[in-house]
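As structure tokens, the structure follows; a few thoughts come after it.
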Amino acid sequence: MSAMTAGSGAGAGAGAGAGVGAGVGVRVGARTESGSEATADRLRRWRLVLGAGGADGTGCELRGRDAAMDGALASLYGRQPGGAGRDADSGRRTAGLGASAPGVARWLGDIRAYFPTSVVQVMQRDAIDRLGLSALLLEPEMLTAVEADVHLVGTLLSLNKVMPETTKETARAVVRKVVEQLEKKLATRTRATLTGALDRSARISRPRHRDIDWDRTIRANLKNYLPEYRTVVPERLIGYGRAAQSVKKDVVLCIDQSGSMAASVVYASVFGAVLASLRAIDTRLVVFDTAVVDLTDQLDDPVDVLFGTQLGGGTDINRALAYCQSRITRPAETVVVLISDLYEGGIRDEMLKRVAAMKASGVQFVTLLALSDEGAPAYDRDHAAALAALGAPAFACTPDLFPEVMAAALEKRPLPIPDMAEQR
């Protein structure tokens, strides 16, 4: 039997195995033990993949920790999404989480004991999607039990308007924990990358020795090459500037806050706060659905930005771009980043005209279909093609790539666009 991930066999099972690809994360057949021990171990793992019931074909009985792990998986994956707790094939009743907060809280504790954090986050997400447990997140004791991640933050933001006051303080604490983790991970590299880009964009002709850009200096003086001495005589020095002393660039983040963009909203808010911390960049953050909200004055705290959003609703990209365009005062020194899946509910032709006008005026226009680790989402391909024809190709961007994208835009270099086929 060749080595395979547990998820590759999950589709065959109607029980817990339907989600074990995300849950167990084991490799079947990866053991090197010989004889009966290796066989028993493979059967145990397949049993966890396939779930309970006579159809699993393993004849393996789980005990102790394995049985408890199987029970936690069956509570979530051993029932049809949104169903009443009956097995999809046999019709027999299976385990389920139920709708009580104490029951779900116990289950959350179990999965945190049995699985690593990354797997817990996937299972939590599946529980919310499959079993409709979003309402339970409105209870403070539930929020203290969950493993917080970007997707949970997105869910909490979507519930913000119906969240009772007793829960909001706990919800903000959960959101702040995730935001601080993201800032710790992303801020240092982002600041270093963009500071370097800003310095390189501020070339000076009489640099100090330590500020000389030797590559550009040599290229600019190749005509002064002396073959007999094998030397280039640098008549003109080109150096790096020091851009951090004053504002040199304007950046406008224009973020679609429709429900499908939740993870992108979280990451964009964190990056917006990081950009705002750089004195050489004047940052504006705008979110939109069918209305436009400018959250620039809250950029010192990305948690405030996130709770200022309203996930869901329609989309009017044209209206949002009209607002952003009206705030541009130095087009040649401005980068506009539109983060949207491009499903436009406004006036398509006007949207494209605005993008064309901004680019013609000197604005660097960047279109991101998503700013997350999830790859390219569903998006409007006609609008993406139209923007590409205007010189503003649309692509999905990971948080790790975003600093490089912004650095290229600030320096007016070609953007490091990933292969879209690899993102699907």
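Heavy atoms only, probe 1.4 Å: what % of the accessible area of the range 239-373 goes to carbon and sulfur, would you let me know? Intermediate results must be reported in sequence, preceding the final value.
Values: 2140 of 4640 Å².
Carbon with sulfur: 46 percent of the solvent-accessible area.
Amide H contacts of Asp213 (H built 1.01 Å from N, in plane; Pro and chain starts excluded): Ile238, Gly239, Tyr240 sit under 5 Å, all sequence-distant by 5 or more or on other chains.
For the range 266-411, rounded, prolate or oblate, judged on the Cα gyration tensor with a ≥ b ≥ c (square roots of eigenvalues), a/c < 1.5 rounded, else prolate if a/b > b/c? Intermediate results must be reported in sequence, preceding the final value.
Numbers: a/c = 1.28, a/b = 1.16, b/c = 1.11.
Rounded shape, in that the Cα axes give a/c under 1.5.
For Asp289, the shell of other residues with beta-carbons less than 9 Å away shows a net charge of -2, using +1 for Lys and Arg and -1 for Asp and Glu.
Provide the per-residue ³J(HN,Hα) series for the range 293-300, in order, calculated from phi with Karplus coefficients 6.51, -1.76, 1.60 and θ = phi - 60°, each as a whole number of Hz, with x at glycine and proline positions. For the range 293-300, the Karplus-derived couplings read 10, 8, 10, 4, 6, 10, 5, 6 Hz, x marking Gly and Pro. In order along the range 367-374, the Karplus-derived 3J(HN,Hα) couplings, from 6.51 cos²θ - 1.76 cosθ + 1.60 at θ = phi - 60°, round to 10, 10, 6, 6, 10, 6, 8, 9 Hz, and Gly and Pro are given as x.
Restricting to the range 256-372, what percent of DSSP beta bridges are antiparallel, rounded to 5?
Approximately 35 percent, going by the DSSP bridge assignments.
Projecting the Cα atoms of Asn318, Val287, Gln364 onto the charge dipole of the range 272-372, computed from C-beta unit charges around the Cα centre, puts Gln364 farthest toward the positive end. For the set Ser277, Ser260, solvent exposure ranked by accessible area (probe 1.4 Å, protein chains only) runs largest to smallest as Ser260, Ser277. Rolling a 1.4 Å probe over the protein chains gives Lys177 an accessible area of about 100 Å². Between the listed residues Pro164, Val179, Val153, the Cα displaced farthest toward the positive end of the dipole of the range 151-190, a dipole computed from Cβ unit charges relative to the Cα centre, is found at Val179. Each peptide among 218-225, 116-123, 392-399 gets the average number of other Cβ atoms lying within 10 Å of its residues, and from highest to lowest they stand as 392-399, 116-123, 218-225. Summing Cβ point charges (Lys, Arg +1; Asp, Glu -1) relative to the Cα centre of the range 208-330 gives a dipole of roughly 880 debye.
The dipole here belongs to the range 334-424: it is taken about the Cα centre, uses +1 on the Cβ of Lys and Arg and -1 on the Cβ of Asp and Glu, and is about 440 debye.
The values are calculated or read from the model by the stated rules, or taken from the named source; none is laboratory data. Bear in mind the structure is a predicted one, so any value in this text is a computation, not a measurement. No Cβ is skipped: glycine too gets one built from the backbone with ideal geometry, and neighbour counts run over all protein chains shown. We work out accessible area using only protein heavy atoms, side chains counted, and drop any ligands, DNA or RNA first. Shrake-Rupley method; radii C 1.70, N 1.55, O 1.52, S 1.80 Å.
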